[in-house]
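The values are calculated or read from the model by the stated rules, or taken from the named source; none is laboratory data. Since the model is a prediction, treat every value here as computed from it, not as a measurement. Don't worry about glycine lacking a Cβ; one is built from the backbone with ideal geometry, like all the others, and counts go over all protein chains shown. Ligands, DNA and RNA are stripped out before the accessible areas are found, and what is left, the full protein with its side chains, is counted by its heavy atoms. Shrake-Rupley method; radii C 1.70, N 1.55, O 1.52, S 1.80 Å.
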Amino acid sequence: MRKDNQWILLNRLFWLENKWKFISLFALYQVVYVTIGTKDYPYIDDVLRQNTGITDFAASYSRWGSEVFSWMIQGSRHLTDLGNMSFLISGAILTLASISLVVIVAGERPSFLTVCVSSLLGLNPWALQLVSFRFDSPYMALSILFSILPFLFWDNHKRWFFVTSFIGVFLMCNTYQASSGIYLGIYLTLVAKAVLFENISVKTFVFKTGLAASAYSLALISFFIESSLNPEIASRGNTVAIAKLTDIPATFIHNSLVYIHTIWDYSARVWQLCLLVMVISLLVTVFKMTTINKLLALVLTFVYLGCLLVFSYGVLLVFSEPLVTVMPRYGVGISIVFSSLAILLVAQASQMKVGRLVSVVPVALVFYFTSFGFTYASTLNYQQQSFEQQSQRLTSDLALAVTDERQEVWISNLFKDSPLLESTSINYPVLKQLVPRNGDMSWFNLMLLQRSSNLQMSLIPYDFTNFDTSVKQQVVDNYYWTIYVDNERVYVIMKR
């Protein structure tokens, strides 16, 4: 990279020279993201925000960046559903993030294929869950961009690198903390590139490591102090709990293994195959092109890949619970594994005679992730249709039982999933983690049912194992459920 690389994104000539590459990248993001957006699926927290207009990014999550940016985009502190605008903004942000990553890893004259594979940053399934939130997605996308931008100053301007790293990591924490592994992944990739292909000196390596580590640590400490002033955070339980100091080594190892195991198990077999071939291709490329001892280079490449995979989980490595098992979005750091590995591989392999052949697999992975994006959008649509159809049927029966005096409804569970979810998840196991289940007695499903019913009722989950029906009046009994009533409440026992 040239010495003026840090200001390349402000260079008009840079954009003109690469405009068709970047337009193609932008179009690829938009076609996938807008397809998801057009399904109008109220994704988890979206249900509450659609109903109330509440932001609560700062109060509930200490995400002050998301809070302030949402006021700016909305032009108000009351949220409204912006439709596809949120998805367009998210696509634009991640296009800029991908371009920045390409410049950082591959230089300011990237090939079309290098730009293409950079889309793995935002098209992988773990990143797609971030985009699924109609209200949150632009700010979650910003957390990825904030993690990347400081490395534009990596090659020189040490003071600027430290300052922008501190600011970038702090803003990342204030927009989406689970993206904390992105910064670490880029650092590891640049160090690996410098050691394997550029003969970096030990002094330079130690100095840059010190700068990155100190800026990253200071930003995390600053955010910890900020969030400790928020009394709401403590009420979130294990999702924000850090392991005790004495337990951190064991927790680190446990969370690392669970993270890797979860990502692998939820991946389609073709994704697994592509990733394995990319790793083998990188080893071959390093062996042929390294400027150091070849055996040492291979050992260091394995160390790099292991560290990249583990540290992409970020600060969640020391959380008391392995959050990646709760929701795929907590594993969004894997995005930097796919993208940085692909960019590094394609950029370095382009200098070999078989460069285009090596690039086939990363490009194939882009195709498979893009294809999955459309499948995911369709599955969300089918799941929503299934929920709405069953909700309408239940609402018509509840209308026979709910009155002004009898508004409390006890219910055993909700609805069946769309048959298409079961079928599609055979190829894509992660779908069952990404698509909310219709049968879950979650607060957002209950709120969605209550909203769609237009009935004045309060839905309460209840276990009917030892339920006594002798003193209850049966008002509905069909293939799907039985409904009983008494003077105080309604009881819905689901059969299917």
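Residues in segment 252-271 that are open to solvent by less than 70 Å² (accessible area, probe 1.4 Å), over 15 Å from L305 (Cβ atoms) and assigned to a helix (DSSP H, G or I): F252, N255, V258, T262, V270, W271.
Does I8 meet the test of being among the aliphatic types (A, V, I, L, M) and modelled with pLDDT under 85? In short, yes.
Scanning segment 233-282 for residues that are in contact with a Lys or Arg (Cβ under 9 Å, 6 or more places away or on another chain) and at pLDDT below 95 turns up just one, T251.
The set of residues in segment 73-92 that are in a loop (DSSP other than H, G, I, E, B) and open to solvent by 30 Å² or more (accessible area, probe 1.4 Å) comprises G75, S76, R77, H78, T80, D81, L82, N84. Applying the criterion of being more than 19 Å from T175 (Cα to Cα) and of a type in the set (V, I, T) to the residues of segment 45-62, the residue that is surrounded by the fewest Cβ atoms within 10 Å (Cβ to Cβ) is T52. Going through (1) under 20 Å from L130 (Cβ atoms); (2) at pLDDT 85 or above one by one, D56 falls short only on (2).
Right, V332: modelled with pLDDT of 90 or more, open to solvent by less than 20 Å² (accessible area, probe 1.4 Å) and of a type in the set (V, I, T) or not? Reasoning before the result, please.
Working: modelled with pLDDT of 90 or more: yes; open to solvent by less than 20 Å² (accessible area, probe 1.4 Å): yes; of a type in the set (V, I, T): yes.
Considered against the rule, which asks whether it is modelled with pLDDT of 90 or more, open to solvent by less than 20 Å² (accessible area, probe 1.4 Å) and of a type in the set (V, I, T), V332 comes out as yes.
If you check E388, E422 for being part of a helix (DSSP H, G or I) and within 19 Å of R269 (Cα to Cα), only one passes: E422.
Please specify each residue of segment 278-298 satisfying the condition of being more than 11 Å from V195 (Cβ to Cβ) and open to solvent by 50 Å² or more (accessible area, probe 1.4 Å).
Filtering segment 278-298 down to residues more than 11 Å from V195 (Cβ to Cβ) leaves 278-285, 287-289, 293-295, 298.
I280, V284, F287, K288, N293, K294, L295, listed by residue number.
Sub-7 Å Cβ pairs linking a first residue in segment 254-282 that is touching a residue at least 40 places away in the same chain (Cβ under 8 Å) and among the aromatic types (F, W, Y) to a second residue that is open to solvent by 20 Å² or more (accessible area, probe 1.4 Å) and not in a helix (DSSP H, G or I), at least 6 apart or interchain, are Y259/P322; Y266/P429, ordered by first then second residue.
Residues S86, S111, S90: which one is farther than 22 Å from T55 by Cα, touching a helix residue (DSSP H, G or I) at 6+ places or on another chain (Cβ under 8 Å), among the polar types (S, T, N, Q) and touching a residue at least 12 places away in the same chain (Cβ under 8 Å)?
Values: S86 fails: farther than 22 Å from T55 by Cα; S90 fails: farther than 22 Å from T55 by Cα.
Selected residue: S111, the only one of S86, S111, S90 that is farther than 22 Å from T55 by Cα, touching a helix residue (DSSP H, G or I) at 6+ places or on another chain (Cβ under 8 Å), among the polar types (S, T, N, Q) and touching a residue at least 12 places away in the same chain (Cβ under 8 Å).
The set of residues in segment 4-24 that are open to solvent by less than 10 Å² (accessible area, probe 1.4 Å) and either more than 27 Å from N156 (Cβ to Cβ) or in a loop (DSSP other than H, G, I, E, B) (or both) contains only N18. Contact map, segment 304-325: residues that are in a strand (DSSP E or B) and of a type in the set (K, R) paired with residues that are open to solvent by 30 Å² or more (accessible area, probe 1.4 Å) and at pLDDT 95 or above, Cβ distance under 8 Å, separation 6+ or inter-chain. No pairs are found. For the condition free of Cβ contacts under 8 Å to residues at least 60 places away in the same chain, open to solvent by 70 Å² or more (accessible area, probe 1.4 Å) and not aromatic (F, W, Y), L400 does not qualify.
When the criteria are applied in full, S70 fails the requirement of being closer than 24 Å to Q433 by Cβ, open to solvent by less than 10 Å² (accessible area, probe 1.4 Å) and in contact with a Phe, Trp or Tyr (Cβ under 8 Å, 6 or more places away or on another chain). Counting residues in segment 151-163 that are buried (at least 20 other Cβ atoms within 10 Å of the Cβ) and either touching a Cys at 6+ places or on another chain (Cβ under 9 Å) or free of Cβ contacts under 8 Å to residues at least 12 places away in the same chain (or both) gives zero.
Quick grid of which residues meet (1) crowded, with 24+ Cβ neighbours inside 10 Å; (2) in contact (Cβ under 8 Å) with a residue 24 or more places away in the chain:
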residue: S339; (1), (2): yes, yes
residue: V346; (1), (2): yes, yes
residue: S350; (1), (2): no, yes
residue: L357; (1), (2): no, no
residue: A377; (1), (2): no, yes
residue: Y382; (1), (2): no, yes
residue: S386; (1), (2): no, yes
